[in-house]
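Asker: One structure follows; several queries about it will come next.
The values are calculated or read from the model by the stated rules, or taken from the named source; none is laboratory data. Keep in mind it's a predicted model, so treat the numbers as computed, not measured. So basically every Cβ, Gly included, is an ideal-geometry build from the backbone, and we count neighbours across all protein chains shown.
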Amino acid sequence: MSQSPFLPSCCPVLTTHWPLPQALANTVLVSARFAPQKLVEGDFQRCLIEPPASIQRSVAKRQAEFFAGRLCAREAMRQLDGREQVPPIGEDRAPVWPQDLCGSITHSSGSAAAIVAHKQHWRGLGMDLEQLMSNDRASRLAGEILTSDEMQRLNANPKQQPGLAVTLTFSLKEALFKALYPIVLKRFYFEDAELLAWSEDGSARLRLKIDLSAQWHSGKELEAQFSVADGQLLSLVAIPA
């Protein structure tokens with residue numbers, strides 16, 4: 001854990017830890033809790049983070065999300081190899097990492113996290129944090145998130161809680177997009193991948209349903225992992241170098 005007097009009251013502590021079931025070598029993951037109502041004028045400048053125009057125009061909640069995520073990303077890079085950088089937003093709204101690094105930033109309901117690694121070890125990293133849906137909300141949204149096969153598997157298991165299953169499917173597909181998009185530079189959507197299997201130990205397996213490149217083609221399977229704590233689900237897709 002690193003704690004700095006230069007961290008603002010809206011995000012006072014950055015924590016370095018590994019909350020997922022399978023540790024990844026040569027990565028750094030930093031997380032933080034943040035309180036949007038405690039973000040005050042001058043916090044960005046005091047922490048040497050330049051907010052883009054879109055963030056300057058946004059509400060306090062969005063500003064705090066961006067702020068906390070960038071604090072985590074900068075600290076993760078500092079711990080990885082000592083560099084002091086804040087990844088800016090690209091034209092596609094994704095973080096722009098240094099050329100030799102890959103990484104991912106996520107935030108949800110007062111929590112933010114970032115993971116980084118050198119590309120010599122990991123080609124792509126995608127991380128996503130979501131608040132667990134209620135069973136009622138998940139049942140309403142399932143048709144927008146799940147493929148027909150995923151829906152069939154959910155309905156075939158009456159003991160499965162839709163809140164966890166639908167949140168997990170949503171989060172893993174978000175993580176998959178974050179990991180693959182910087183590699184293929186093509187957008188894809190919920191219906192373009194499916195969650196084949198997952199277990200309570202935090203392991204999961206995904207399969208592409210679209211051709212994104214010669215290597216990342218329909219039928220390609222990827223391993224993933226996730227954890228659930230304090231009503232939030234964290235998922236990660238990591239692509240080895």
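Asker: Which one is surrounded by the fewest Cβ atoms within 10 Å (Cβ to Cβ), of the residues in the stretch 197-241 that are under 17 Å from LEU20 (Cβ atoms) and hydroxyl-bearing (Ser, Thr, Tyr)?
Answerer: SER199
Residue-wise test of (1) among the charged types (D, E, K, R); (2) surrounded by 11 or more Cβ atoms within 10 Å (Cβ to Cβ).
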{"position": "ARG46", "(1), (2)": "yes, yes"}
{"position": "PRO52", "(1), (2)": "no, yes"}
{"position": "ARG57", "(1), (2)": "yes, no"}
{"position": "ALA60", "(1), (2)": "no, yes"}
{"position": "PHE66", "(1), (2)": "no, yes"}
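Let's see how each residue does on (1) more than 19 Å from ALA25 (Cβ to Cβ); (2) buried (at least 20 other Cβ atoms within 10 Å of the Cβ); (3) touching a Cys at 6+ places or on another chain (Cβ under 6 Å):
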site	(1), (2), (3)
ARG70	yes, yes, no
GLY82	no, no, no
PRO87	yes, yes, no
ALA94	yes, no, no
HIS107	yes, yes, no
SER134	yes, no, no
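Asker: I've got another one for you. Counting only residues that are surrounded by fewer than 18 Cβ atoms within 10 Å (Cβ to Cβ) and either within 21 Å of MET127 (Cβ to Cβ) or touching a residue at least 24 places away in the same chain (Cβ under 8 Å) (or both), how many does the stretch 148-163 have?
Answerer: Number of matching residues: 3.
Asker: Same structure, new question: How many residues does the stretch 180-196 contain that are out of contact with any helix residue (DSSP H, G or I) (no Cβ under 8 Å at 6 or more places or on another chain), surrounded by fewer than 20 Cβ atoms within 10 Å (Cβ to Cβ) and in a helix (DSSP H, G or I)?
Answerer: Qualifying residue count for the region: 5.
Asker: How many of the residues making up the stretch 197-241 are among the basic types (Lys, Arg), outside any strand (DSSP E or B) and either closer than 16 Å to GLU174 by Cα or assigned by TED's automatic domain parsing to the domain that holds SER104 (or both)?
Answerer: Of the residues in the stretch 197-241, 1 are among the basic types (Lys, Arg), outside any strand (DSSP E or B) and either closer than 16 Å to GLU174 by Cα or assigned by TED's automatic domain parsing to the domain that holds SER104 (or both).
Asker: Follow-up. With respect to the numbered conditions (1) at pLDDT below 95; (2) not in a loop (DSSP other than H, G, I, E, B), which one is the sole condition not fulfilled by LYS159?
Answerer: It fails just one condition, (2).
Asker: Then there's this: Could you check PRO8 against (1) within 16 Å of HIS107 (Cα to Cα); (2) not assigned by TED's automatic domain parsing to the domain that holds LEU101 and say which number it fails?
Answerer: (1)
Asker: Additional query: Taking the condition surrounded by fewer than 17 Cβ atoms within 10 Å (Cβ to Cβ), in contact (Cβ under 8 Å) with a residue 12 or more places away in the chain and touching a Ser or Thr at 6+ places or on another chain (Cβ under 7 Å), does GLN120 pass?
Answerer: The answer is no for GLN120.
Asker: Of the residues PHE177, PHE170, which single one is more than 18 Å from GLU221 (Cβ to Cβ), touching a Phe, Trp or Tyr at 6+ places or on another chain (Cβ under 9 Å), of a type outside the set (Gly, Ala, Ser) and crowded, with 19+ Cβ neighbours inside 10 Å?
Answerer: PHE170
Asker: Additional query: Has the stretch 8-22 got at least one residue that is of a type in the set (Ser, Thr, Tyr), modelled with pLDDT under 95, in a helix (DSSP H, G or I) and over 19 Å from the mean Cα position of the chain (by Cα)?
Answerer: Scanning the stretch 8-22 turns up no residue that is of a type in the set (Ser, Thr, Tyr), modelled with pLDDT under 95, in a helix (DSSP H, G or I) and over 19 Å from the mean Cα position of the chain (by Cα).
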